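The values are calculated or read from the model by the stated rules, or taken from the named source; none is laboratory data. Note that the structure is a prediction, hence the values are computed from the model and not measured. No Cβ is skipped: glycine too gets one built from the backbone with ideal geometry, and neighbour counts run over all protein chains shown. We work out accessible area using only protein heavy atoms, side chains counted, and drop any ligands, DNA or RNA first. Shrake-Rupley method; radii C 1.70, N 1.55, O 1.52, S 1.80 Å.
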Amino acid sequence: MGQTEDNKAVVRRFIEEFVNEGDESVADELLAPEYVRYDPDAPGGVQEAAEFKAMISMLQQAFPDGEVHVEEMISEGDLVVFRARESGTHEGEFMGHEPTGETFEITGLAMHRVEDGVIKETWANWDMLGMLQQLGIVPMPDELTEMGE
């Protein structure tokens with residue numbers, strides 16, 4: 001299959017079985033012990049494996065139908081990059097906000113460093129502001145304008 005395809009398979013399995021289905025044993029298997037995730041939306045911009053797993057668990061409780069749909073994946077050397085859509089329905093508490101029943105669909109990009117079959121590092125950017133706006137937690141810019149009138 002080749003290293004490039006093997007690395008893609010690791011990332012695809014990580015998204016499908018852990019992020020989408022919530023199987024923490026897959027995260028334990030596929031994340032290196034020294035795993036680090038860089039994300040501007042994370043506290044301090046960095047997460048270790050335990051913090052990332054806790055975040056995914058929180059998202060799964062808030063959005064039980066939440067799912068990441070990978071639209072395109074590219075691999076070169078030890079790096080795997082994908083662009084994706086994430087969608088879900090706000091059915092549980094999220095960041096202190098009671099469920100709204102609203103749905104969201106946002107885009108995201110992530111790059112993973114895969115070595116020896118495990119993910120060592122991730123750089124991720126998701127449209128969290130768009131998500132909060134679609135859920136009605138953060139006002140849309142046109143709503144801000146109307147409020148100022």
Across the range 102-142, what is the number of residues that are outside any strand (DSSP E or B) and either on the phi > 0 side of the Ramachandran plot or of a type in the set (D, E, K, R) (or both)?
6
Restricting to the range 78-96, and then to whatever is free of Cβ contacts under 8 Å to residues at least 24 places away in the same chain and touching a strand residue (DSSP E or B) at 6+ places or on another chain (Cβ under 9 Å), can you tell me which residue is most open to solvent (accessible area, probe 1.4 Å)?
85
Pairing a residue in the range 36-57 that is without any contact (Cβ under 8 Å) to a residue 60 or more places away in the chain with any residue that is open to solvent by 40 Å² or more (accessible area, probe 1.4 Å), where Cβ atoms lie under 7 Å and the two sit 6 or more apart in sequence or on different chains, gives 45/38; 46/38; 47/55; 53/24
